[in-house]
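Participant: Below is the structure I would like to discuss, written out as structure tokens.
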Amino acid sequence: MRDSEDKEWWCAEGVRRENKFLREVSIRGWDIEVAPDKASNPYHHDFQITVPSDLKSISTPFNTSEKKYGIPTEYAITINEKDFVRYAEKYPNIIILLDVQFPNSQRRLFSITLPRARKLIQDNKAFRHSYIHRVDDVDGNAKASYVFDVRDLDQLI
């Protein structure tokens, strides 16, 4: 058993584990590399990660979200169902960035992953909303979206 107070050994072991992780782990679509400053500063964060991401700019409040789904309007956002289908097929490890800026309110930034979205839907914390005016749409508009409560998402600073 290694001495838990042997900081030098544990720092070297950390580097070995980081290198092993880089050799063994692959996340589809993500590029993970050692952070550039790690070589000169062993206490610097370990990795830089480039990941697929998509921005959703949300500026229109869902005014009936509380009546229909129990989510107060100021917390309700929607993401098109067809986007989730496309992401799952092409970018399963995507991070969706949500730039929420309703009229007369402060900008808020959130993120969500596909596994998190699936879990919220499965747990009945997000709701499928069909658009009644798009039933016969042939212009490519989404026929349904999922309504999320931003309080269930990760807020970015």
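Participant: What value, in deg cm²/dmol to 500, does the helix sum -39500 (n - 2.57) over DSSP H runs of n ≥ 4 give at 222 nm once divided by the residues of the chain?
Facilitator: Details: 4 runs with 42 residues, N = 157.
-8000 deg cm²/dmol, from helical runs alone.
Participant: What lysines does residue 90 reach when the alpha-carbon gap must be under 23 Å and sequence neighbours fewer than 8 apart in one chain are set aside?
Facilitator: 56, 82, 119, 143
Participant: With a cap of 10 neighbouring Cβ atoms within 10 Å, and only residues DSSP puts in a loop, list the trypsin sites (Lys or Arg not before Pro) found in the range 1-57.
Facilitator: 2, 28
Participant: What residue among 42, 52, 92 has the largest mean-square fluctuation in a Gaussian network model of the chain, using Cα springs under 10 Å?
Facilitator: Greatest mean-square fluctuation among the candidates belongs to 42.
Participant: Please report the net charge: other residues with Cβ closer than 15 Å to the Cβ of residue 2, K and R +1, D and E -1.
Facilitator: Net charge around residue 2: -2.
Participant: Are there trypsin sites (Lys or Arg not before Pro) in the range 81-133 that DSSP marks as loop and that have at most 13 other Cβ atoms within 10 Å, and which are they?
Facilitator: Sparse-neighbourhood loop trypsin sites (Lys or Arg not before Pro): 107.
Participant: For mean projected area of the Cα convex hull in nm², pick the label among (i) 13.8; (ii) 11.1; (iii) 10.6 that corresponds to the value derived from the coordinates.
Facilitator: Among (i) 13.8; (ii) 11.1; (iii) 10.6, the one derived from this structure is (i).
Participant: With a cut-off of at most 12 other beta carbons within 10 Å, and DSSP calling the residue loop, which chymotrypsin sites (Phe, Trp or Tyr not before Pro) in the range 21-113 qualify? Please list them. Mind showing how you got there, number by number?
Facilitator: On the way: sites: 21, 30, 43, 47, 62, 69, 75, 84, 87, 110; in loops: 30, 43, 62.
Taking the range 21-113 and a limit of 12 other Cβ atoms within 10 Å, the loop chymotrypsin sites (Phe, Trp or Tyr not before Pro) found are 43.
Participant: Between residue 43 and residue 89, with labels modelled 7 Å along Cα→Cβ, what's the label distance in nm to one decimal, could you check?
Facilitator: 5.0
Participant: Size of the dipole of the range 54-157 about the Cα centre, Lys and Arg at +1 and Asp and Glu at -1 on the beta carbon, nothing else charged, in debye to 20?
Facilitator: Numbers: 16 positive and 14 negative charges, 36 e Å.
Using only the charged Cβ atoms, the result is roughly 180 debye.
Values quoted throughout were computed directly from the atomic coordinates according to the rules given, and no laboratory measurement underlies them. Owing to the predicted nature of the structure, the values given are computational and were not obtained by experimental measurement. Neighbour counts are summed over all protein chains in view; Cβ atoms, including those assigned to glycine, are modelled from backbone coordinates with ideal geometry.
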